[in-house]
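The values are calculated or read from the model by the stated rules, or taken from the named source; none is laboratory data. All figures in this text were calculated on a predicted structure; none of them were measured in a lab. Quick reminder, even Gly has a Cβ in these numbers, built from the backbone with ideal geometry, and neighbours come from all protein chains shown. What goes into the accessible areas is simple: the full protein's heavy atoms, side chains included, and nothing from ligands, DNA or RNA. Shrake-Rupley method; radii C 1.70, N 1.55, O 1.52, S 1.80 Å.
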Amino acid sequence: MATTTTAPDIRKRPRSPTSTSPQPYVLLPFHGEHKRAISSLSFAPTINNNSVVRCATGSADGTARIWDIQPSMLQTAGNDKSTSRALKPLTLSGHSRGINDVAWSASQQYLATASDDKTLRLWDVSSESNGGTAPGAGEALVEFKGHLDFVFSANFSPVSDLLASGSFDSTVKLWDVRSGSCVSTLPAHSDPVTSVVFNYDGTCIASASHDGLARVWDVSTGECLKTVVGEESSEGVAVGCVEFSPNGKYLLSGTLDGRVRLWDLVGGKWSEERSKRRGKCLKTYCSHKNTSFCMFSTFSTVNPQRNLVISGSEDGKVYLYDLQSRMVRQTLDGHDGDAVLAVGAHDKLELIGSGGMTKDKTVRFWTAA
């Protein structure tokens, strides 16, 4: 069961910086590596305050890798990449083409991968630890077949056995994890679907597409509750990602015009009668570079003094925006100028992960000093 996080009131004016402002994020002295570009990154959800941090990455090399970070490893930080040590991963192999997305189940037991080979796969990673090679570690438990084109996105329901996927065949599918069967297909968009995500209670799904739209769907009925479009200047610009806020009241959408927008929701559902602001864009974050690739954006709200919107960028940096003021609080530079598409934030710790593309191919980790 997912934990509901109290989100900040984004309509409040931000306070002026004070001497008690949080310390900046710094680079941790270890990293992960893939053989080709890193397309996605996701931290495992926290369960019972478990101490080991688990992070999964997907790559164009056709593998997913899991990196285990012990608590003691988070105590030492330094910005000197030349002394960074490489972590030993658990590597999941089986897809015949590159992996576009990775997703954790709420229990941490399973990892789903979405691939250009038109399939998703389900892996049991519950008993594996740092570099483990137990029987079955490199084999998928279930292979989900049914999409007619690249599978670009995957996300688990936080409260049920449903797995959602988005594909370049323009559909969103819902799968029963236990049986591997497709239980529902939504004719979601007119162009490739780039992102799918559940809200905190599993009642809604948001999807994004190259058709320039983000949509919110009722999981139980398959009804489209709302279609989100940008202002006229960005109409038709591909939407590369969507992400619900932890409490489901807001939605981030990232578009290939270098903008991340924050939309107002009502408990994961939309209401145009109660307020004209429902479903309207509240804030726009636009200092990063994004015109060519679909990249991830996310929230970090674990520190009330530093509520962030985090975005990758094609200039090789990770941008940390102040959620309320929209100003850039910090940029993280650890990928030698190579585009950063994969970013993620831990749900309980001030810990950020990022993955570089073809020239860099490293996974970097950042924590608050």
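Restricting attention to the stretch 193-212, which residues are under 20 Å from residue 294 (Cβ atoms) and under 18 Å from the mean Cα position of the chain (by Cα)? Listed by number, the residues that qualify are 193, 194, 195, 196, 197, 198, 205, 206, 207, 208, 209, 210. Checking every residue in the stretch 353-368 against the condition of being open to solvent by less than 40 Å² (accessible area, probe 1.4 Å) and under 15 Å from residue 240 (Cα atoms) gives zero matches. Looking across the stretch 329-369, the residues that are closer than 25 Å to residue 194 by Cα and among the charged types (D, E, K, R) come down to 338, 347, 359, 360, 361, 364. Among the residues here, residue 317 does not qualify as over 14 Å from the mean Cα position of the chain (by Cα), in contact (Cβ under 8 Å) with a residue 12 or more places away in the chain and closer than 23 Å to residue 197 by Cα. In a strand (DSSP E or B), open to solvent by 10 Å² or more (accessible area, probe 1.4 Å), at pLDDT below 95 and of a type outside the set (A, V, I, L, M), is that true of residue 215? Here the answer is yes, as residue 215 does meet what is asked. Within the stretch 182-210, being open to solvent by 50 Å² or more (accessible area, probe 1.4 Å), farther than 17 Å from residue 105 by Cα and assigned to a loop (DSSP other than H, G, I, E, B) holds for 187, 190, 191, 210. Scanning the stretch 249-291 for residues that are modelled with pLDDT under 90, more than 21 Å from residue 211 (Cβ to Cβ) and open to solvent by less than 10 Å² (accessible area, probe 1.4 Å) gives 264, 268.
The sole residue among 61, 101, 80 that is touching a residue at least 12 places away in the same chain (Cβ under 8 Å) and more than 22 Å from the chain's Cα centre (by Cα) is 80.
Of the strands (runs of 3 or more DSSP E) entirely within the stretch 280-325, those holding at least 1 residues that are touching a Phe, Trp or Tyr at 6+ places or on another chain (Cβ under 6 Å) occupy 281-285, 308-311, 317-322. For the stretch 152-168, which residues satisfy the criterion of being over 16 Å from residue 204 (Cβ atoms) and surrounded by fewer than 19 Cβ atoms within 10 Å (Cβ to Cβ)? Once the filter is applied, which keeps residues that are over 16 Å from residue 204 (Cβ atoms) and surrounded by fewer than 19 Cβ atoms within 10 Å (Cβ to Cβ), the stretch 152-168 yields only 161.
Among all residues of the stretch 338-356, there is none that is among the polar types (S, T, N, Q) and over 14 Å from residue 297 (Cα atoms). Just checking, does the stretch 66-80 include any residue being under 18 Å from residue 139 (Cα atoms), modelled with pLDDT of 95 or more and open to solvent by 10 Å² or more (accessible area, probe 1.4 Å)? No, the stretch 66-80 contains no residue that is under 18 Å from residue 139 (Cα atoms), modelled with pLDDT of 95 or more and open to solvent by 10 Å² or more (accessible area, probe 1.4 Å). Would you be able to say whether some residue in the stretch 6-24 is closer than 20 Å to residue 300 by Cβ, open to solvent by 10 Å² or more (accessible area, probe 1.4 Å) and either of a type in the set (A, V, I, L, M, F, W, C) or at pLDDT 95 or above (or both)? Yes: the stretch 6-24 contains one or more residues that are closer than 20 Å to residue 300 by Cβ, open to solvent by 10 Å² or more (accessible area, probe 1.4 Å) and either of a type in the set (A, V, I, L, M, F, W, C) or at pLDDT 95 or above (or both).
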